[in-house]
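The values are calculated or read from the model by the stated rules, or taken from the named source; none is laboratory data. These figures come from a predicted structure and were not determined experimentally. Positions of Cβ are generated from backbone atoms using ideal geometry, with glycine treated the same way; all protein chains shown enter the neighbour counts. Ligands, DNA and RNA are stripped out before the accessible areas are found, and what is left, the full protein with its side chains, is counted by its heavy atoms. Shrake-Rupley method; radii C 1.70, N 1.55, O 1.52, S 1.80 Å.
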Amino acid sequence: MPTQMMKAVQSHAFGGPEVLVYEDAPKPTAKAGEVLVRVHAVGINPPDWYLRDGYKALPPEWQPKLSFPLILGTDVSGVVEAVGDDVTEFAAGDAVFGMVRFPSMGESRAYAQYVAAPAAHLARKPEGIDHAQAAAAPMSLLTAWQFLVALGHDEANPLQADRHRPVPLDGKRVLVNGAAGGVGHFGVQVAKLKGAHVTAVASTDHEAFLRDLGADDFIDYTKTAPEDVARDLDLVLDTLGGPGTSRFLPVITRGGALFPVFPLGFVDTGEAKTRGVTVSTTQVRSSGAQLAELGPLLNEGRIRVAIDSHFPLAEARTAHERAAQGHIRGKIVLIVT
Ligand SMILES: NC(=O)c1ccc[n+]([C@@H]2O[C@H](COP(=O)([O-])OP(=O)(O)OC[C@H]3O[C@@H](n4cnc5c(N)ncnc54)[C@H](OP(=O)(O)O)[C@@H]3O)[C@@H](O)[C@H]2O)c1
């Protein structure tokens, strides 16, 4: 049988947004344990542009050796077109969403009209949100959940020797840095849902947005360094992470924790130990089961999905250019027609 074709956004080399080309690509099929999803919307995430660039920030020995053409993207919402052998939990016509095959370098292939996803990475789309909102949620929301509430798996932690352990949030003082972004805006809501007092750190324009999501306090980092004004925190979820994350250690109470979501960068472990602060990170993993657990919260609006902007799939390049400008409020989404 001749290979069926679909439209997808492919790259033929590592590079900037200009390497993203909307063109024909082979349509995947569902193997055993997989679901073929007709994609309605794709949520975009930082790993998409890291991979597009060839993970330039990583040491050379960690950089992926991948063959081209490459299809980026992990987060989708769509409708089941077909199921492979052994799939009993979904059937053609079901609306589903999920983060497909993460972490796996280049095998998720979501920027396309169709994606073949392991059934275990999908959940039913909550009826109360549309495909754009559902596609926007998976990676960012799973990251917030796996850092703050439940890891949800027993895989080894590639980023540290120990398993990441969320800490109790009820009645605790939590600061979310990078609060307006994909992970941050869910982090604020999850921490509030679990009973924390939440301080959100973001640039000026995001204050009303973050207070509306439930933030109790707001620090505008363009005017005040958060570590100069925050005090007695039980937990800092630093979605920015990186080299600057150690500055939060002095404002965390003994017995508290610092969770850098972007794990590359120096944390002064000696200072953390002296201060009695646990520093811990993890890498988000696909989980249809956790998305199914989160479905009712999304459905009821107890966790809301903010859309920064959306673009047609064919304009993935423009979406990546938008991402590069920074100051993202919520999520950027590609709409697949
Ligand atoms: N460990 C994992 O498994 C995992 C999973 C997902 C993401 N990540 C990493 O987590 C990071 C965040 O991801 P994301 O999807 O949330 O990114 P994002 O949507 O781009 O959000 C980043 C946010 O940070 C804010 N920001 C920038 N500079 C800031 C500063 N100096 N202080 C406070 N806020 C600042 C930006 O808005 P304003 O500047 O306007 O406030 C923006 O809202 C990325 O590095 C990503 O790679 C890690």
Q | Count of the range 326-337 residues which are open to solvent by 60 Å² or more (accessible area, probe 1.4 Å) and farther than 18 Å from Val183 by Cβ | A | 1
Q.
Can you list the helices (runs of 4 or more DSSP H) lying wholly within the range 107-225 that have 1 or more residues being away from the ligand (no atom under 14 Å from the Cβ)?
A. 131-136, 182-193, 207-212
Q | Qualifying position, being in contact with a Lys or Arg (Cβ under 9 Å, 6 or more places away or on another chain) and of a type in the set (D, E, K, R), among Arg275, Arg302, Arg329, Arg322 | A | Arg275
Q: For Arg101, work out the one condition from (1) assigned by TED's automatic domain parsing to the domain that holds Gly256; (2) open to solvent by 10 Å² or more (accessible area, probe 1.4 Å) it doesn't fulfil.
A: (1)
Q: Collect the residues in the range 206-238 that are within 22 Å of the chain's Cα centre (by Cα) and either open to solvent by less than 30 Å² (accessible area, probe 1.4 Å) or among the charged types (D, E, K, R) (or both), keeping them in residue-number order.
A: His206, Glu207, Leu210, Arg211, Asp212, Leu213, Gly214, Ala215, Leu235, Val236, Leu237, Asp238
Q) So Asp48 clears everything in (1) assigned to a helix (DSSP H, G or I); (2) open to solvent by 20 Å² or more (accessible area, probe 1.4 Å); (3) closer than 18 Å to Phe311 by Cα except one condition, right? Which one? A) (2)
Q.
Just the residues that are open to solvent by 40 Å² or more (accessible area, probe 1.4 Å), aliphatic (A, V, I, L, M) and either under 21 Å from Val39 (Cα atoms) or in contact with a strand residue (DSSP E or B) (Cβ under 8 Å, 6 or more places away or on another chain) (or both), please, taken from the range 255-312.
A. Val279, Ala289, Ala292, Ile307
Q. Scanning for something without any contact (Cβ under 8 Å) to a residue 24 or more places away in the chain, touching a helix residue (DSSP H, G or I) at 6+ places or on another chain (Cβ under 7 Å) and polar (S, T, N, Q), does the range 233-253 turn up at least one residue?
A. no
